[in-house]
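Student: Shown below is the structure under consideration.
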Amino acid sequence: MSSTFQSVLGSHYATEQAIEGLRGLILNIGSALIGAAAIVTSLVLFAMQVNIERMPHGLFRRLSADLKLLGAFALALLLAISIATLSTFVDQARFAYVVLGASWAVVFILISFMYAYRRALLLINPMKQLGILIHDTRKELRTWARRAQRAKPLLECEEGASATSSSPGSTHNLAHTAFFQINNRWTDDAKRATRHAMSFARRYAEQGDYEVSGAALNAVVGINAVYIESKGKTFYANNPFVDNPLSSDSFINDTLEHLRQNAQRGIARRDELQIEQTLQTMAVLVRVYLGIDYSSPYAAKSHAQLAAGYLASAVQAVVPHDMADVLLEGERLMGQSAQFILAHGDPNDIAVLSEKIALIACTGCAKEDYRPVTMEGMMQLANLTFDLLRSKSHDIHFAVEEIRRNVALVVKLFLNVVDTPLSSSHSTFLGPYYSSTSMQSLRARLIALVNAISEAQADNADAQSVIRNIEHWADGLYQTEKELLLAAIQAKSHFTFDMIYWITGVTKILLTVSKVPACDHHSQVGLQKHARWLIAALTWIPDDKDTVTFVENFQMTEMLFEAAMDARNGGCDDIAKEIEESLLSWTFKGGRYQTGWGILERGLCGLAVFALMDGDEQISKLKTAVAAHLSDEAASAQETRDRAARGILERAENLNRDGHWPSRIGMAIDQAEHQKLRPLLEEIAGLLSRASQ
């Protein structure tokens, strides 16, 4: 092939004049390519530097001196010089080699130009710049980790040294701890990379390019993850009794401080997306820091708590600036962070976050635009409560008490807001925790949880743990629910309906749990005791006419009857009788007034059904109790009794008629043994009519 090419060229360039022309052509091409290489190099480097001039100095210097880019231009220049040099080798014997060499050099020069162009485009791409930043930082940190490993045999920690001493049972890497203390500037490059990434985040957020700013914040997370991996078992948790200087980590502190400043800049510019991205980054760092190995299963997740504190403070800083959407996102992130902390640490660690969530939720009490913030706060508190019940921790007392206190704070403050008459704002915005109609509320999830543990075997450890947690949660529950019920009644809020249904519904849940196979005797006793106290909260309702009329609007009589019936059906007869006594008390307390609800009539009919279930002895006790209440000085007027007696007699006469009863009492009457129930109702009506005789 080369000999043929040589012969063709030889025949064409046979004279000295032709050879001189070929020599000049190659020289001119080489000279032109030298100039082209210089021009292209200048233009591409200038354009690239203009595009990256605003980035941090360290990264600017790193990218401006990219070896691959400079190498491509150097190669093009050398090849151009080589082409020019080949003009001196043109003669009859080397035509083929010179022409082929020059041709290939031209091809490679063009390829070098294209590669340099594409490389320059790649380098000015901020995503690529961040990738380079992470890659270099990862390489540097892992290099330090390898150095620490190689130096391990040379480092012998002094026995009993307080600075690096570990608690009994810990597995701290003391040699690595000593190495990193000696080389205390080993994180300088990582800190610099974090600053560069934050500079990207600020710059591109200001330009409105949130895709790049988000990628920059993700780079910060990636750098932190590599840092934690490289540092390994050299983290120390905070000790409340002993001040350990090793528990403070300057790299983590710097990272969180950069994020705080970024959030403040976003607030100053009212840039909601920048703030949300920063809050999301803080929340992700909480999860990353939960993966820190403190070399002890009992160590507090102090760095994750620190990040959660920064997150909560950043969300609180948004409150005065009318950015409801940011607050909603912030509350969600705080709730999710608390859930992760609960899953990986001590339940008590979520107390601060739950308090912050409640405080932010209270902003809806002062500003109408923040009402959804209140709803989201109640949702997050409900989520935390539910997760606590499923926690495998043996002691959740403090955590559930704190959440209960926070919930009560939000409810009490929100009840001061004027309630809307048709669609109750109180019920709507407090519903995620207290609603009895929503399938996403806490009560609905509790019912699903109880159904699940009711199917568990008696020796199921997970079910026993949940039951124990429910018993802890119910301990003292009556106190806050009683206060909230009375506050709702005082405010004449439709939220009273939710509280009545919540109290009776949770009572049923507690009694159901006490009867599942996995519930031991101690938990059973505790659950039933808490159920007694909780349902007794309904007995604290004031007995004035306005209050009775208002409360009966929400079917108070029916709810007490239903609670007693549920207790009977659940096998808790003693508690059922106590609820029946509460129903009897309410029947005569509320039956004194003409409310239009027939409290006296419906209550006595319900009590008659219960007495019929228990036999003759209970029937006699019911008659005696009715007579005693009628003889009381505070008993209802005779006109009210007569009206109730006529209603009871009417019910007795219509027992055999088929019909659809609009209430649980009516259904129970319809299902009772009519031959025995009719005379009992007639006797009760007779007692009411004869009371004044």
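The values are calculated or read from the model by the stated rules, or taken from the named source; none is laboratory data. Bear in mind that the values here come from a model prediction, so they are computed numbers and not experimental data. Cβ: placed from backbone, ideal geometry, glycine included. Neighbour counts: every protein chain shown. In case anyone asks, the SASA skips ligands and DNA or RNA and just uses the protein heavy atoms, side chains included. Shrake-Rupley method; radii C 1.70, N 1.55, O 1.52, S 1.80 Å.
Student: Free of Cβ contacts under 8 Å to residues at least 40 places away in the same chain and either surrounded by 21 or more Cβ atoms within 10 Å (Cβ to Cβ) or over 19 Å from Leu259 (Cβ atoms) (or both): which single residue out of Glu368, Glu355, Glu331 fits that description? Outline the logic, then answer.
Tutor: Values: Glu355 fails: free of Cβ contacts under 8 Å to residues at least 40 places away in the same chain; Glu331 fails: free of Cβ contacts under 8 Å to residues at least 40 places away in the same chain.
After applying the criteria, what remains is Glu368.
Student: On to the next question. Among residues belonging to segment 1-49 that are assigned to a helix (DSSP H, G or I) and aromatic (Phe, Trp, Tyr), point out the one that is modelled with the lowest pLDDT.
Tutor: Phe5
Student: If Asp395 satisfies every condition in (1) farther than 17 Å from Trp502 by Cα; (2) part of a helix (DSSP H, G or I); (3) open to solvent by 30 Å² or more (accessible area, probe 1.4 Å) but one, which is the exception?
Tutor: Among (1) farther than 17 Å from Trp502 by Cα; (2) part of a helix (DSSP H, G or I); (3) open to solvent by 30 Å² or more (accessible area, probe 1.4 Å), Asp395 violates only (2).
Student: State the number of residues belonging to segment 523-532 that are among the hydrophobic types (A, V, I, L, M, F, W, C) and surrounded by 20 or more Cβ atoms within 10 Å (Cβ to Cβ).
Tutor: Within segment 523-532, residues that are among the hydrophobic types (A, V, I, L, M, F, W, C) and surrounded by 20 or more Cβ atoms within 10 Å (Cβ to Cβ) number 2.
Student: Being part of a helix (DSSP H, G or I) and more than 28 Å from Ala645 (Cα to Cα) narrows it down to one residue among Asp574, Asp546; which is it?
Tutor: Step by step, each of Asp574, Asp546 is checked, and only Asp574 is part of a helix (DSSP H, G or I) and more than 28 Å from Ala645 (Cα to Cα).
Student: Does Asn239 count as part of a loop (DSSP other than H, G, I, E, B) and surrounded by fewer than 17 Cβ atoms within 10 Å (Cβ to Cβ)?
Tutor: So Asn239 passes the test.
Student: What pairs come up if the first residue lies in segment 112-141 and is closer than 12 Å to Ala216 by Cα and at pLDDT below 80, the second is outside any helix (DSSP H, G or I) and not aliphatic (A, V, I, L, M), and their beta carbons are under 9 Å apart, counting only those six or more places apart or on different chains?
Tutor: Pro126/Asp209
Student: For segment 262-277, enumerate the residues that are free of Cβ contacts under 8 Å to residues at least 60 places away in the same chain, outside any loop (DSSP other than H, G, I, E, B) and open to solvent by 40 Å² or more (accessible area, probe 1.4 Å).
Tutor: Gln264, Ala268, Glu272
Student: Which condition number in (1) on the phi > 0 side of the Ramachandran plot; (2) modelled with pLDDT of 75 or more is the one that Ala84 fails?
Tutor: Failed condition: (1).
Student: Here's a follow-up. Take Val319 and tell me if it is open to solvent by 10 Å² or more (accessible area, probe 1.4 Å) and touching a Gly at 6+ places or on another chain (Cβ under 8 Å).
Tutor: On the way: open to solvent by 10 Å² or more (accessible area, probe 1.4 Å): yes; touching a Gly at 6+ places or on another chain (Cβ under 8 Å): no.
The answer is no for Val319.
Student: Another question about this same structure. Counting only residues that are outside any helix (DSSP H, G or I) and of a type in the set (A, V, I, L, M), which one in segment 299-352 is farthest from Glu272 (Cα to Cα)? Working first, answer last.
Tutor: Here is the first cut: in segment 299-352, the ones outside any helix (DSSP H, G or I) are 299-301, 322-323, 345-346.
Add one more test, that the residue is of a type in the set (A, V, I, L, M), and what stays is 299-300, 323.
Details: Ala299: 36, Ala300: 33, Met323: 7 Å.
Among them, the one singled out is Ala299.
Student: List the pairs whose first member sits in segment 247-259 and is under 16 Å from Thr234 (Cα atoms), whose second member is part of a helix (DSSP H, G or I), and whose Cβ atoms are under 7 Å apart, counting only residues at least 6 apart or on separate chains?
Tutor: Ser247/Ser302; Asp249/His303; Phe251/Ala190; Phe251/Lys191; Phe251/Tyr227; Ile252/His303
Student: Next up: From (1) open to solvent by 20 Å² or more (accessible area, probe 1.4 Å); (2) in contact with a Ser or Thr (Cβ under 8 Å, 6 or more places away or on another chain); (3) hydrophobic (A, V, I, L, M, F, W, C); (4) without any contact (Cβ under 8 Å) to a residue 60 or more places away in the chain, pick out the condition that doesn't hold for Phe429.
Tutor: Evaluating Phe429 over (1) open to solvent by 20 Å² or more (accessible area, probe 1.4 Å); (2) in contact with a Ser or Thr (Cβ under 8 Å, 6 or more places away or on another chain); (3) hydrophobic (A, V, I, L, M, F, W, C); (4) without any contact (Cβ under 8 Å) to a residue 60 or more places away in the chain leaves (4) as the failure.
Student: Same structure again: Tell me which helices (runs of 4 or more DSSP H) are completely within segment 449-522 and hold 1 or more residues being under 27 Å from Phe554 (Cβ atoms), open to solvent by 20 Å² or more (accessible area, probe 1.4 Å) and among the charged types (D, E, K, R), or say none if there are none.
Tutor: 477-490, 495-514
Student: Still on this structure, please answer the following. Would it be correct to say that Ala536 is surrounded by fewer than 20 Cβ atoms within 10 Å (Cβ to Cβ) and small (Gly, Ala, Ser)?
Tutor: Criteria met by Ala536.
Student: Please go through (1) within 27 Å of His321 (Cβ to Cβ); (2) open to solvent by less than 10 Å² (accessible area, probe 1.4 Å); (3) touching a Pro at 6+ places or on another chain (Cβ under 7 Å); (4) of a type outside the set (Val, Ile, Thr) for Met379 and return the number of the only condition it doesn't satisfy.
Tutor: (2)
Student: Further question: Exactly one condition in (1) at pLDDT below 90; (2) within 22 Å of Asp325 (Cβ to Cβ) is not met by Asn239; state its number.
Tutor: Single failed check for Asn239: (2).
Student: Look through Ala215, Ala201, Ala190 and report the one residue that is open to solvent by 20 Å² or more (accessible area, probe 1.4 Å), of a type in the set (Gly, Ala, Ser) and in contact with a helix residue (DSSP H, G or I) (Cβ under 8 Å, 6 or more places away or on another chain). Before you say what the answer is, go through the steps one by one.
Tutor: On the way: Ala201 fails: open to solvent by 20 Å² or more (accessible area, probe 1.4 Å); Ala190 fails: open to solvent by 20 Å² or more (accessible area, probe 1.4 Å).
Of Ala215, Ala201, Ala190, the one residue that is open to solvent by 20 Å² or more (accessible area, probe 1.4 Å), of a type in the set (Gly, Ala, Ser) and in contact with a helix residue (DSSP H, G or I) (Cβ under 8 Å, 6 or more places away or on another chain) is Ala215.
Student: Within segment 586-693, considering only helices (runs of 4 or more DSSP H) that don't extend past its boundaries, which have at least 2 residues that are modelled with pLDDT under 85 and surrounded by 14 or more Cβ atoms within 10 Å (Cβ to Cβ)?
Tutor: By residue number, 616-630, 638-653, 664-671, 674-690.
Student: Please go through segment 50-79 and pick out each residue that is more than 25 Å from Ala197 (Cβ to Cβ) and either in contact with a Ser or Thr (Cβ under 8 Å, 6 or more places away or on another chain) or modelled with pLDDT under 65 (or both).
Tutor: Within segment 50-79, Ala72, Phe73, Leu75, Ala76, Leu77, Leu79 meet the criteria.
Student: Do any residues in segment 196-221 that are β-branched (Val, Ile, Thr) have Cβ atoms under 8 Å from those of residues that are surrounded by fewer than 18 Cβ atoms within 10 Å (Cβ to Cβ), where the two are at least six apart or on different chains, and which pairs are they?
Tutor: Qualifying pairs under 8 Å: Val212/Met127.
Student: Something else now. Specify which of the listed residues (Gln280, Gln339) is free of Cβ contacts under 8 Å to residues at least 60 places away in the same chain and open to solvent by 10 Å² or more (accessible area, probe 1.4 Å).
Tutor: Checking each option against the conditions leaves just Gln339.
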